[in-house]
1. Given the whole protein assembly as supplied and a 1.4 Å probe, what does the accessible area of residue 62 come to in Å², nearest 10?
2. For the stretch 61-110, with all protein chains present and a 1.4 Å probe, just round the carbon and sulfur fraction of the accessible area to a whole percent.
3. Could you sort 122-131, 85-94 so that the peptide with the highest average Cβ count within 10 Å comes first and the rest follow in order?
Amino acid sequence: MKKRRKIALAPVGVAIALAGGLVFAQMRSGSYGSTNATSIEQAAAPRFAPDAKYDAGPYPSFTPELAEGDGRQEVESFCAICHSTRYITMQPPLPGATWEAEVSKMVKSYGAPIPEATAKKITAYLQGHYAPENRKE
C-alpha cells in the first residue's frame, strides 16, 4: 500500500520539479511571459493649467506657549535643547511623581546637561502646571 502511494506521488513530484525549473529558467533569462516586457503603456501626465497656482506655503511651526510661572524660563532653556516644548504641552496631565521621573530620565538616561538645582526647579514647575489637579488648558 505504501509502495503504491510512493509510485502514485512520483509523477506529481516530477511535475512540480519541472514546473519550478521552468519558472526559474524563465526568471534567469529575464523573460516573464510578456512578449513586450520592455515597454509599459502609461497615460501621459496631465498638462498643468497656465493660470493655476501650484505653490504650497511653509509648514506651520507653531510652538505652544508654556504656562506662566516660576521655572518656565528654565524649562524653555534646558528642555528645548533636545526637544520642542510641544512635547510637554501635548502630554496628558501627569502626576507629580511621573514628572519627577521624566526629568530624572532626561538627565540620567539621555544625558541632558541640567544642573541638579535647575532639575528640581523644572520638576516643580511641571508638577505645578501640568499635573492633573492643576493643568491649565
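The values are calculated or read from the model by the stated rules, or taken from the named source; none is laboratory data. Small disclaimer: the values here were computed from a predicted structure and weren't measured. Quick reminder, even Gly has a Cβ in these numbers, built from the backbone with ideal geometry, and neighbours come from all protein chains shown. Protein only, heavy atoms only, side chains kept; ligands, DNA and RNA dropped before computing areas. Shrake-Rupley method; radii C 1.70, N 1.55, O 1.52, S 1.80 Å.
1. That residue has around 140 Å² of solvent-accessible surface.
2. Taking all protein chains in place, the stretch 61-110 shows 56 percent carbon and sulfur surface.
3. Values: 122-131: 20.6, 85-94: 14.1.
Ranking, from highest mean packing down: 122-131, 85-94.
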